[in-house]
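Written out below as structure tokens is the structure these notes cover.
Every number here is computed from the coordinates shown, using simple stated rules; none is lab data. Since we're looking at a predicted model, the values are computed, not measured. Cβ placement follows ideal geometry from the backbone for every residue including glycine, while neighbour counts extend to all protein chains displayed.
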Amino acid sequence: MKVSCLSVFEDKTVMPDEDMVSAVLGSSSSVWDELHGHIADNYPNVIGEWKHYGKAAGWTYKLLSKKRNLLFFVPMAAHFRLRIVLGKKASSCAQNDNELPDEIKESICAATPYAEGRSIDIDIDHREQLDAIKRLLRIKYDN
């Protein structure tokens, strides 16, 4: 996992659009699109919305299902960051899942537990990462 700064979209007065996101993500935009397509095809009633979380964070694309946060997409230069918050049950299921990479399990284990769950960030820059993300999303959605 890469460690880098905030969303590349900092200006509160300019909400990002598809063209802006594609330009910033470059070749990673196809991964962004594929993940959004997977979510649209497999999770009913999921809606997305851009939120500006302040000067320090910038614009984030948030996906919700019945007012429940599923994923946060943070556009960055040539890649994007996913933030997912796993409740206690989902965290436990993920840590015991044989299909998830050890790196993700270690991130969950190392995350500070809060009332809403454990929050992990995963930087995405290539398609090969999507199977693990899809698996993690299924665990969150089912728990």
Inset, instruction - Return a yes/no flag: does segment 39-49 have any residue that is crowded, with 16+ Cβ neighbours inside 10 Å, in contact with a strand residue (DSSP E or B) (Cβ under 6 Å, 6 or more places away or on another chain) and part of a strand (DSSP E or B). - result: yes
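Considering only segment 73-82, I want to know if a residue exists there that is without any contact (Cβ under 8 Å) to a residue 40 or more places away in the chain and surrounded by 13 or more Cβ atoms within 10 Å (Cβ to Cβ). Break it down into steps so the answer makes sense when it comes.
Of segment 73-82, the ones without any contact (Cβ under 8 Å) to a residue 40 or more places away in the chain are none.
The answer is no; no qualifying residue exists.
Based on this model, can you work out whether residue 30 counts as touching a residue at least 24 places away in the same chain (Cβ under 8 Å) and hydroxyl-bearing (Ser, Thr, Tyr)?
Working: touching a residue at least 24 places away in the same chain (Cβ under 8 Å): yes; hydroxyl-bearing (Ser, Thr, Tyr): yes.
For residue 30, the condition - touching a residue at least 24 places away in the same chain (Cβ under 8 Å) and hydroxyl-bearing (Ser, Thr, Tyr) - is met.
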Inset, instruction - Answer yes or no as to whether residue 63 is among the aliphatic types (A, V, I, L, M) and either in a loop (DSSP other than H, G, I, E, B) or in contact with an Asp or Glu (Cβ under 7 Å, 6 or more places away or on another chain) (or both). - result: no
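How many of the residues in segment 23-60 are of a type in the set (Asp, Glu) and more than 14 Å from the chain's Cα centre (by Cα)?
Just the residues of segment 23-60 that are of a type in the set (Asp, Glu), to begin with: 33-34, 41, 49.
Right, trim to more than 14 Å from the chain's Cα centre (by Cα) and you get 41.
Of the residues in segment 23-60, 1 are of a type in the set (Asp, Glu) and more than 14 Å from the chain's Cα centre (by Cα).
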Inset, instruction - For residues that are closer than 18 Å to residue 134 by Cβ, without any contact (Cβ under 8 Å) to a residue 24 or more places away in the chain and β-branched (Val, Ile, Thr), tally how many sit in segment 88-114. - result: 1
Inset, instruction - Select, from 114, 43, the only residue that is among the aromatic types (Phe, Trp, Tyr) and within 12 Å of residue 140 (Cβ to Cβ). - result: 43
Inset, instruction - Look at segment 125-140 and say how many of its residues are surrounded by 16 or more Cβ atoms within 10 Å (Cβ to Cβ) and over 18 Å from residue 99 (Cα atoms). - result: 1
